[in-house]
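Written out below as structure tokens is the structure these notes cover.
The values are calculated or read from the model by the stated rules, or taken from the named source; none is laboratory data. Since the structure is predicted, the reported quantities are computational estimates derived from the model, not experimental observations. With ideal geometry, Cβ positions are generated from the backbone for all residues, glycine too; neighbour counts draw on all protein chains shown.
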Amino acid sequence: MILPDFNDFPRKGRILGIDWGARRIGLAVSDENHGFVFERPVLVQSDMKTSAKQIYDLIRSEKIVGVVVGLPLRSDGSDSDTTRNVRDFAKELTAYTDIPVAFIDESLTSIEAQEKLGRIRVSDIKRNLDSAAARVILENAISLMNRI
């Protein structure tokens, strides 16, 4: 089920953060108390159905209770083509599971993630940036939930 906000989002249990991309999907998982966030290996994007199934398998194996998906909004807050793809992906994911899914604005998360990675090789940035961005997305969502 896709939630309109974080009001009814689980306050305990492991949460999955997703940075969806047309080529790669970055993943990060929190601990049960939402105190720590751990990056997971990037998922190479195939088609939405296959990727949603692979993420569902991760949800089951990691005992995830909720999913946060970064939403790439335009600077004026409107949807882009990519935003619609992300929403379609989240809808596909809900075909496999009934755990709550919520969106959070992902503006500047890749820039913040790259700054946290520091000075590394370009090939390492490509390999690590998406999951680092998913970590930032999840950390931002947890901070937001803590204020509610």
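In a helix (DSSP H, G or I), in contact with a Phe, Trp or Tyr (Cβ under 8 Å, 6 or more places away or on another chain), at pLDDT 85 or above and within 18 Å of L3 (Cα to Cα) - does that describe any residue in segment 133-143?
yes
What are the residues in segment 1-49 that are loosely packed, with under 15 Cβ neighbours inside 10 Å, modelled with pLDDT of 95 or more and among the β-branched types (V, I, T), if any?
Result: I2, single match.
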